[in-house]
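The values are calculated or read from the model by the stated rules, or taken from the named source; none is laboratory data. The shown structure was predicted, so the numbers you read here are calculated from the model rather than taken from an experiment. Here the Cβ is made from the backbone with ideal geometry for all residues, glycine too, and neighbour counts use every protein chain on show.
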Amino acid sequence: MKKYQEYKQVDYPQIGEDILQYWKENDIFNKSVLNRDGAETFTFFEGPPSANGTPGIHHVMARALKDIFCRYKTLKGFQVKRKGGWDTHGLPVELQVEKELGITKEDIGKSISVEEYNQKCRETVMRFKNEWDDLTEKIGYWVDLDDPYITFEADYIESLWSLLRRLYDKNLLYKGYTIQPFSPAAGTGLSSHELNQPGCYRDVKDTSVTAQFKLKGEENTFILAWTTTPWTLPSNSALAIGENLDYVKVKTFNPYTYEPMTAIMAKARIGAMFNPKAKEISLTDYQAGDKLIPYEVVAEFKGRDMLGWEYEQLFPISGIALPHPAFTVISGDYVTTEDGTGIVHLAKAFGADDFRTLVQHNVPGVFVQDELGNDIPVVDKQGKFLPVVGEYLAAKMQEHGILAHKTFGVDDFYVKNYPNDDENAADYKNTDIIISIILKNENKAFKVEKYEHSYPHCWRTDKPILYYPLESWFIKTTAYKDRLVELNKTINWKPEATGTGRFGNWLENLVDWNLSRSRFWGTPLPIWRTEDGTEEMCIGSVAELQQEIEKSIAKGFLEKSPWEGKEMDLHRPYVDDVILVSAKGQKMFREPDLIDVWFDSGAMPYAQWHYPFENEDIFKANYPADYIAEGVDQTRGWFFTLHAIAVMLFDSVAFKNVIANGLVLDKNGNKMSKRLGNAVDPFKTLKEYGPDALRWYMLSNANPWDNLKFNLEGVAEVQRRFFGTLQNTYNFFALYANLDHFVYDKSKAVPVNQRAELDQWIISKLQTLIAEVESAMDNYDATKATRAIMNFTVDQLSNWYVRLARKRFWRGDMNADKQAAYETLYECLLSLTQLMSSFAPFYTDWLYKNLTASSKNKLESIHLTDWAGADAGLINKDLEESMDLAQRISSLVHSLRKNPKIGIKVRQPLQRILVPVLNEKTKRQIQHLEELIKSEVNIKAVEYIDDASDVLVKSVKPNLPVLGKKLGPKMRFVVAAINSWGKVEIAEIEKNGKITVPLEDGNIELLLEEVLISSQDIPGWSVASDQGVTVALDVTLTDELRQEGIARDLVNRIQNLRKDMGLEVQDKIRIKVAKHDELVNSALSNFAPYIQTETQALSLEVNGSLTDGTILDMDDFELMVKIEKV
RNA sequence: GGGCCUGUAGCUCAGGUGGUUAGAGCGCUACACUGAUAAUGUAGAGGUCCGUGGUUCGAGUCCACGCAGGCCCA
């Protein structure tokens, strides 16, 4: 029986399926974890995918990346528990359900109950779980699929509630408001998703105003600010400038009142605000009513000089008076000079940027108080001004005699959601226009014009949306900003820039985490409040909720628990049905919001173990994570929520190492999408190429954090070039090992130092490779590791070691040298299976089985082995350098032989090569492998030219990095001098160790180490050189060399004939050759023994009368030969 | 609009701390090998290092401003 199975063809997808089956049957994954019981843990957190869609090829990337480090750490001796998980809540699920049912949000609670709706969501969200599990298995991602965490389960939600409760107890959970898109016509907030639907943004013409804000303490001086929403001007409470922008004061006249004034604006906007034709006009020539208005810049300053400037309130409405620092100039990081005046008007209630900027600078906004004393904006939810502003505007209309299409009452000033008045009616005016006219009349408007821009509209009502403050619950992340930043610096980010840049900047500009979502399918906010908002309660566990329910039942607020006789489902609508009793005995209702799904996933370190209610020991042993990996798009998603919760509640990082991987694009660099049809089906790809080549390609082709241009041809190339070469190497080994009945036995192996030089070299290279892979993997650099493995396998092991060692395998009987060759090749292959096993888990396990089929000490799987590590004692750098020289010299000789002017094939032996050597070390290193070089390039001798020979011609180059520091600007002169040196100067600096270079402004002394001396020329010879190695080839052909060449050619032709005749390797033959010229005849007689040995010929006869032979093409001549099988 | 990433041969990618002539694989061309053979080896051709300025004796590398593609956030 064969010890090592040989394969004609390898079916990689089949290997994937077979090994997967083997793993399942033998429970290998579990064993790989249980094996390490008691060992140090290496913790990995699975970022939960959502199973409501089918997995794509990019999931293969993400999951392979997760898998390899877990496998690697397992080999290294850690216990790596990997719990799978599913993300189940969120808007995409809701939208999918709505699409399938053909309903909208408005139908929920009407045509479909919340209960039915949520039931539908629950069914939908796990719809493709089977496909996901299938892919996970097929690509070899080892993760516990039997006991995953699922974010909709009651235990999971309970853990979330306890976390929220802890935040609440730390006063980090509060109710506030945020500026959100709001549809006044529909009376509802809109998600950004709804806003991004096609057709939502439309070009509309709005009245825009450049308003004049009068500077306090200066006569007729105004700050100009532009807005496309004049209705927000009564709510103005500050103006923002860019600190580094240039601003000017310009003397001019108001175009509507013709009054002289000084305008303040960005310098870059002068051209837009004034007509350049008026530039030459003198201010004194101006007559009221002139079309061209002269202007003159009278001062220039930076934005930062304006900080703190105070101005008068634009609309001094009684009831709207604000304390300092309202009505001052502040800094806004987003201010540009691309439009407007370079100064931005801020209204806290109606712009997210405005809100953020004003909060940052502690500037109050314009609000009035409702009956309960809460701040409310001056525009109501129907989209019209409150009477406080309405009265003011109505009065101003009268005062200025403004005629409109109708009489405006105090309740008629809609700012959006205009009533359906006829816009073509005579004197039609909307609120924006009325405001503009008032401003014009009061010398407060510098410019009023129609402006066309893109503005979002409500997809249901087609009316423009309003940015409006809506109530929300927040986590006060800003309170922990410094700590978040500080702990982030301890995280090892791959790539680093994502941590310092994208994530770091995000933390630097942190705002409080808006937790509220007005939806149905998600984790409910566990906060109950009295109707007047004076009392509230945050529930932190199911037990506590039940206790409170008991109290409420006792009080008579509830008849019974909504879960009586049912399984506890903490979703809506059940939680909404719960009315609790406050400390003062009032009814408390649940705050209707759900929480951001990102809190679900950010809480997985705790909730996956139902901590703190269960599994405290497991949680503690597995926190924080040593490693996580997810797409870079998760930076502000999962990476942030993990980090935020960990820092705020546990004063810890949630993960120590993280890879943020890039996207998988199609081969042209476009985003893959099912719609465009360029998405790659992972199942199809797996079926065609198997999992290993796919994983290997994805990890080796580009760094995972760069986007991957996925190309199937690349997968094919990896398979052919890398896996194919490795497989060939194995087949080669198996073929001969079986013939020789070789079985590897470590205890009987020839000690490495007694093996051939070539063996020692490849073993040394192997150890170097192991160290390299280990260091790359410890640094979470998979790409570097895979590339190093490929280089070793293809270039060193297959193309050099196997090629040069081939003859040792097929010659003669088993002896120590042959055994050493087998052992060496075997050890390389076995090591490779382990090195590669994290990346190509199926193929390597298969190869491991093939290699160890007859071994005594084999394990069930490569994945159950212990990492072998590099044996530093087997690394021989000197030998590696030596071989490197030999490889380069061989390559140079090949290159010379191939030179069209020379054109001598390798089979033709040549007498010698000359190698200039400038030091003893190089000479020794080359000499060491002289035999190898000689046989590789078919030459008889290597000769060295050194200082002792007068043939050696040296050349000299400046050592730039060294000289640059010393010389600086004088470099170019010195370099020119050095380049002009000849024999004399080189000899001088070599002898004295220094030389003096004359320059125009004095002499400079150069030291030997400041120049590089090499030899690149041998007069009269054909030379080739590469990186300091130079070789000359003696192309003289003597008769003897020619004869040998002929003999070798003949062997080559006869071997072909043997093959054509279908002879077996061991078959013997007799050769008859027709007589030819003297040279050929001599070759035949002189090299007869050689020819016979090579061709297994018992006799070689030169026969003058041979006529029925085969005519051989010997390149330069023809020869008749006859071969007979014995 | 802001932050971040990417841009090097036809394609996919390498190119610490600036250093004279920018590398690899695939593909292409030619040759070799024919006892790893539906393999393999060797060599050759192929580059405005996205552009424009700047710093420097010297820039693919550092700086600034752009351009193109991408991600995230507004």
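Report yes if A:Ala987 is farther than 14 Å from A:Pro958 by Cβ and either assigned to a helix (DSSP H, G or I) or modelled with pLDDT under 80 (or both), otherwise no. In short, yes.
The condition of being within 16 Å of RNA strand B (Cβ to nearest atom), modelled with pLDDT of 90 or more and closer than 23 Å to A:Phe809 by Cβ holds for only one of A:Leu726, A:Leu758, A:Leu739, A:Leu735, that being A:Leu726. Assess whether A:Arg912 counts as being closer than 30 Å to A:Lys807 by Cα, modelled with pLDDT of 80 or more and near RNA strand B (Cβ under 9 Å from one of its atoms). It is false that A:Arg912 is closer than 30 Å to A:Lys807 by Cα, modelled with pLDDT of 80 or more and near RNA strand B (Cβ under 9 Å from one of its atoms). In the range A:738-756, the residues that are closer than 16 Å to A:Leu830 by Cα form Cβ pairs under 7 Å with partners that are part of a loop (DSSP other than H, G, I, E, B), at six or more places apart or across chains, as follows: A:Val743/A:Lys3; A:Val743/A:Ser854; A:Tyr744/A:Ser855. Only helices (runs of 4 or more DSSP H) whose full extent lies in the range A:774-884 are considered here, and the ones with at least 2 residues that are in contact (Cβ under 8 Å) with a residue 12 or more places away in the chain, within 21 Å of A:Gln754 (Cβ to Cβ) and in contact with a Lys or Arg (Cβ under 9 Å, 6 or more places away or on another chain) are A:803-810, A:816-837. Within the range A:683-704, is even one residue closer than 19 Å to A:Ser838 by Cα, surrounded by 20 or more Cβ atoms within 10 Å (Cβ to Cβ) and within 7 Å of RNA strand B (Cβ to nearest atom)? Yes, because at least one residue in the range A:683-704 is closer than 19 Å to A:Ser838 by Cα, surrounded by 20 or more Cβ atoms within 10 Å (Cβ to Cβ) and within 7 Å of RNA strand B (Cβ to nearest atom). Scanning the range A:968-978 for residues that are within 7 Å of RNA strand B (Cβ to nearest atom) and touching a helix residue (DSSP H, G or I) at 6+ places or on another chain (Cβ under 8 Å) gives A:Met971, A:Val975. Suppose the filter is closer than 27 Å to A:Ile933 by Cβ and not hydroxyl-bearing (Ser, Thr, Tyr); does A:Val752 pass it? Here the answer is yes, as A:Val752 does meet what is asked.
Does A:Ser798 satisfy the condition of being away from RNA strand B (no atom under 15 Å from the Cβ) and within 30 Å of A:Gln927 (Cβ to Cβ)? Considered against the rule, which asks whether it is away from RNA strand B (no atom under 15 Å from the Cβ) and within 30 Å of A:Gln927 (Cβ to Cβ), A:Ser798 comes out as no. In the set (1) in contact (Cβ under 8 Å) with a residue 60 or more places away in the chain; (2) touching a helix residue (DSSP H, G or I) at 6+ places or on another chain (Cβ under 9 Å); (3) assigned to a loop (DSSP other than H, G, I, E, B); (4) crowded, with 16+ Cβ neighbours inside 10 Å, the condition left unmet by A:Asn443 is number (2). A:Ala771: within 13 Å of RNA strand B (Cβ to nearest atom), farther than 22 Å from A:Phe742 by Cα and either without any contact (Cβ under 8 Å) to a residue 60 or more places away in the chain or not polar (S, T, N, Q) (or both), yes or no? So A:Ala771 does not fit the description; no. Among residues of the range A:1035-1050 being away from RNA strand B (no atom under 15 Å from the Cβ) and of a type in the set (A, V, I, L, M, F, W, C), the one that is nearest to A:Leu1100 (Cα to Cα) is A:Leu1041.
Against the numbered list (1) more than 12 Å from RNA strand B (Cβ to nearest atom); (2) under 30 Å from A:Asn959 (Cα atoms), A:Val1080 comes up short only at (2).
Tell me whether the range A:929-946 contains one or more residues that are among the acidic types (Asp, Glu), touching a residue at least 24 places away in the same chain (Cβ under 8 Å) and within 16 Å of RNA strand B (Cβ to nearest atom). Yes, the conditions are met somewhere in the range A:929-946. Tell me which residues, restricted to the range A:886-909, are at pLDDT 85 or above and in contact with a His (Cβ under 8 Å, 6 or more places away or on another chain). Scanning the range A:886-909 gives no hits.
Between residues in the range A:546-562 that are under 14 Å from A:Gly585 (Cβ atoms) and residues that are aromatic (Phe, Trp, Tyr) and modelled with pLDDT of 95 or more, which pairs lie under 9 Å by C-beta distance while being six or more apart or on different chains? Close Cβ pairs (under 9 Å, with a partner that is aromatic (Phe, Trp, Tyr) and modelled with pLDDT of 95 or more) amount to A:Glu548/A:Trp528. Looking across A:Glu442, A:Glu399, A:Glu391, A:Glu423, one residue alone is modelled with pLDDT under 85 and among the acidic types (Asp, Glu). It is A:Glu423. Evaluated against (1) part of a loop (DSSP other than H, G, I, E, B); (2) under 30 Å from A:Phe599 (Cα atoms), A:Glu471 falls short on exactly one condition, (1). Among the residues of the range A:917-924, some residue qualifies, meaning at least one is more than 23 Å from A:Gln760 (Cα to Cα) and surrounded by 13 or more Cβ atoms within 10 Å (Cβ to Cβ).
Conditions tested, residue by residue: (1) among the aromatic types (Phe, Trp, Tyr); (2) under 48 Å from the mean Cα position of the chain (by Cα).
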site	(1), (2)
A:Phe350	yes, yes
A:Val368	no, no
A:Lys381	no, yes
A:Lys384	no, yes
A:Lys396	no, no
A:His400	no, no
A:Gly409	no, no
A:Phe413	yes, no
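Only one entry of A:Val1011, A:Val1031 meets the criterion of being more than 10 Å from RNA strand B (Cβ to nearest atom) and either buried (at least 19 other Cβ atoms within 10 Å of the Cβ) or among the aromatic types (Phe, Trp, Tyr) (or both), and that entry is A:Val1031. Every test in (1) crowded, with 17+ Cβ neighbours inside 10 Å; (2) more than 16 Å from RNA strand B (Cβ to nearest atom) is passed by A:Val1023 save one, and that test is (2). For the range A:809-827, the candidate set comprises residues that are within 12 Å of RNA strand B (Cβ to nearest atom) and under 47 Å from the mean Cα position of the chain (by Cα); within that set, the residue that is surrounded by the fewest Cβ atoms within 10 Å (Cβ to Cβ) is A:Phe809.
Can you spot a residue in the range A:947-959 that is assigned to a helix (DSSP H, G or I) and within 16 Å of RNA strand B (Cβ to nearest atom)? For the range A:947-959, residues assigned to a helix (DSSP H, G or I) and within 16 Å of RNA strand B (Cβ to nearest atom): absent.
Number of residues in the range A:979-988 that are more than 8 Å from RNA strand B (Cβ to nearest atom) and either without any contact (Cβ under 8 Å) to a residue 24 or more places away in the chain or under 47 Å from the mean Cα position of the chain (by Cα) (or both) equals 5. Name every residue in the range A:117-138 that is assigned to a loop (DSSP other than H, G, I, E, B) and among the basic types (Lys, Arg), in order of residue number. Listed by number, the list holds a single entry, A:Arg127. Of all residues in the range A:485-543, those being under 25 Å from A:His610 (Cα atoms), part of a helix (DSSP H, G or I) and touching a helix residue (DSSP H, G or I) at 6+ places or on another chain (Cβ under 8 Å) number 1. All of (1) farther than 27 Å from A:Leu1041 by Cα; (2) within 16 Å of RNA strand B (Cβ to nearest atom); (3) part of a helix (DSSP H, G or I) hold for A:Leu896 with one exception: (1).
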